[in-house]
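Chemist: Mind looking over this structure? Questions follow.
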Amino acid sequence: MPPLPDRSSTGFHRFSTGTLTLVWMTVWGLANLAWLHQDLLPRDGDEEGHVGAAELFREDLRAHDLVGFLHRLWVGDMGDYPSLYPAVTGAWWWTTGVGEPGVPQVRALGLLWVLVAALGTAAIARRSGRPGAPLLAFVTVTLLPLPVGLGRHLMPEGMLVAATVLAVLAALRSAEAPSLGRGLVLGLALGAGLLLKQTFVLLAGPGVLAALVLGSTTSAPAARARALGAALLGCCLLAGPWYLLHLRAQLAYGSDSAAHPGAASLLAHLAWHPVALVLLVVGPPLSALAALGLALALRAGGPGRQVALLAGAWLLGCLLLLTAIPKKYPRLLAPVAPAAALLVAAGLSERRLLSGSAVLLLGGGWLGWRSTHAPLDLPRSLQRVVPGCPQHWLRPPVDDDLGLAAVAARVREAGPGPVRVIGGPDIPCALQTTAPWAEQLSPYLRRTGDDREVLLGPGPQPAALTLRWEADGLPSTAQAEPGAPLLAVPLLRGHFRLERGP
């Protein structure tokens, strides 16, 4: 798939395409920043785990310990996952200079990954030779439901979307014009992806292989071999140390991931990923446009057909590999979603006004609806494949932090000393899949500049402030101070009684 002369390379078209891209990027960015400003809900439990890891990197930078930062990133033990994502997030968090990571300045980092993925997908779509393909691919990626939803949260899968696209693009460039430089870039892209998450192999592998095969030119086999050797070297140098040092733990992690927790039928397991892809990851409107784009591109032939074949092989290969894994989560599919945008661009970009309007109206309408209405779940028959509460990454914003900011203000007024929480409520998974409320308080206080001990349950140790939880409609506990001020938390259907310590 050699690079084609860009038929749209007139100065006017470059100006108009660039202007439209910047305009759309601005509109899209402002809309998502508005969503972030409205959303105050405490983080999902998995997200909080990644934020906690990022906080360690942030503390390294606050202490000017660059050596410790790099050691933790490259070879440090941070749990089940490699450390590139929390390192980048921690560095960004430190750069913003704020303490609470739930503010839009910090969370906006996830939106950047969507834009990087969109730019990478546009660069691949350019190979179709159609003037409108790059812009159409860019816009389509920014409307993919689950990648955008993940971009509003501090989750590694958001960055993995960008890393997967860049790896496929690097493979395509290396295949088109093999060289040591392009091979090394591919290796570094692969190594960076592996340092994000282990599933990068399953998500990027089919796309990278398809790009190397379909993008290959008539260049000498020796040049291709040198490029692949450079790619292997770059990948091993970047990601090899971490995996070698954590090989035993990674084998155990892989065995745990192979466990089958559900009791669904084989048919449900086979249908899970395709249904999740259409319903949650890409969305029905863009899935229909992608299917139409594939059919039109295959019929038209030419470079557009090659791009469609690349996207189809990438998508199908990932579905087959992920189906073999017993554990299934919709967010694992997000990094392959840009392949659907390539199908849209490869087949529908000939009629730019019509296809662009369809993407904006159908894809944008679906994303906007899902961003303001109740979250969408898989059919009940497929929910048994992954038992338990589903995580909702695309949902309406919740303008309620469950009383954390108000409690923090009361704690500051109470003076020095521990804080005690008695009978703190659970947060129902219908609202958010996260830890109980009392476990949210300590990190919140620390990150907002009031680091102090949080005691759980009654005990002899005195506390500057006691928060006694009482469910609405139930009588106060006998030990409660009469007349103590109340702090209501309507979403949890109760209130805290605030009692000053001795």
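The values are calculated or read from the model by the stated rules, or taken from the named source; none is laboratory data. Note that the structure is predicted; figures quoted are calculated from it, not measured. Methodologically, a virtual Cβ is constructed for each residue, glycine included, from the backbone with ideal geometry; neighbour enumeration extends over all protein chains shown.
Chemist: Just to check your reading of the model, which residue among 89, 121, 95 is hydroxyl-bearing (Ser, Thr, Tyr), over 22 Å from residue 24 (Cβ atoms), assigned to a helix (DSSP H, G or I) and within 17 Å of the chain's Cα centre (by Cα)? Lay out the reasoning, then the answer.
Modeler: On the way: 121 fails: over 22 Å from residue 24 (Cβ atoms); 95 fails: within 17 Å of the chain's Cα centre (by Cα).
Just a single option satisfies the conditions, and that option is 89.
Chemist: Look at residue 367 and say whether it is assigned to a helix (DSSP H, G or I), free of Cβ contacts under 8 Å to residues at least 12 places away in the same chain and closer than 26 Å to residue 123 by Cα.
Modeler: no
Chemist: One residue is enough: does region 392-408 have a residue meeting the conditions at pLDDT below 95, surrounded by fewer than 20 Cβ atoms within 10 Å (Cβ to Cβ) and on the phi < 0 side of the Ramachandran plot?
Modeler: Among the residues of region 392-408, not one is at pLDDT below 95, surrounded by fewer than 20 Cβ atoms within 10 Å (Cβ to Cβ) and on the phi < 0 side of the Ramachandran plot, which makes the answer no.
Chemist: Exactly one condition in (1) surrounded by 13 or more Cβ atoms within 10 Å (Cβ to Cβ); (2) modelled with pLDDT under 90 is false for residue 494; which is it?
Modeler: That leaves (2) as the condition not met.
Chemist: Right, here's the next one. Would you be able to tell me the number of residues in region 201-230 that are farther than 16 Å from residue 124 by Cβ, of a type in the set (A, V, I, L, M, F, W, C) and in contact (Cβ under 8 Å) with a residue 60 or more places away in the chain?
Modeler: 1
Chemist: Would you please name the residue that is nearest to residue 117 (Cα to Cα), looking only at residues in region 189-234 that are β-branched (Val, Ile, Thr) and surrounded by fewer than 16 Cβ atoms within 10 Å (Cβ to Cβ)?
Modeler: Among those that are β-branched (Val, Ile, Thr) and surrounded by fewer than 16 Cβ atoms within 10 Å (Cβ to Cβ), it is 201.
Chemist: Based on what the data block shows, is residue 196 assigned by TED's automatic domain parsing to the domain that holds residue 329 and free of Cβ contacts under 8 Å to residues at least 60 places away in the same chain?
Modeler: Against the criterion (assigned by TED's automatic domain parsing to the domain that holds residue 329 and free of Cβ contacts under 8 Å to residues at least 60 places away in the same chain), residue 196 does not qualify.
Chemist: State the number of residues belonging to region 187-213 that are under 22 Å from the mean Cα position of the chain (by Cα) and outside any loop (DSSP other than H, G, I, E, B). Spell out how you get there, then give the answer.
Modeler: At the first step, the residues of region 187-213 found to be under 22 Å from the mean Cα position of the chain (by Cα) are 188-208.
Then drop every residue that is not outside any loop (DSSP other than H, G, I, E, B), which leaves 188-194, 200-208.
Total satisfying the criteria: 16.
Chemist: Further, regarding this structure: Having 3 or more residues that are touching a residue at least 24 places away in the same chain (Cβ under 8 Å) and within 26 Å of residue 51 (Cβ to Cβ) is the bar; report the strands (runs of 3 or more DSSP E) wholly within region 385-500 that clear it.
Modeler: 419-422, 454-456, 465-471
Chemist: Does region 60-80 include one or more residues that are surrounded by fewer than 20 Cβ atoms within 10 Å (Cβ to Cβ), without any contact (Cβ under 8 Å) to a residue 24 or more places away in the chain and either charged (D, E, K, R) or touching a helix residue (DSSP H, G or I) at 6+ places or on another chain (Cβ under 6 Å) (or both)?
Modeler: yes
Chemist: Here is a list: 362, 319, 310. Which entry is modelled with pLDDT of 95 or more and either among the hydroxyl-bearing types (Ser, Thr, Tyr) or within 19 Å of the chain's Cα centre (by Cα) (or both)?
Modeler: Values: 362 fails: either among the hydroxyl-bearing types (Ser, Thr, Tyr) or within 19 Å of the chain's Cα centre (by Cα) (or both); 310 fails: either among the hydroxyl-bearing types (Ser, Thr, Tyr) or within 19 Å of the chain's Cα centre (by Cα) (or both).
Of the residues listed, the single one that is modelled with pLDDT of 95 or more and either among the hydroxyl-bearing types (Ser, Thr, Tyr) or within 19 Å of the chain's Cα centre (by Cα) (or both) is 319.
Chemist: Look through 285, 303 and report the one residue that is part of a helix (DSSP H, G or I) and touching a Ser or Thr at 6+ places or on another chain (Cβ under 7 Å).
Modeler: 303
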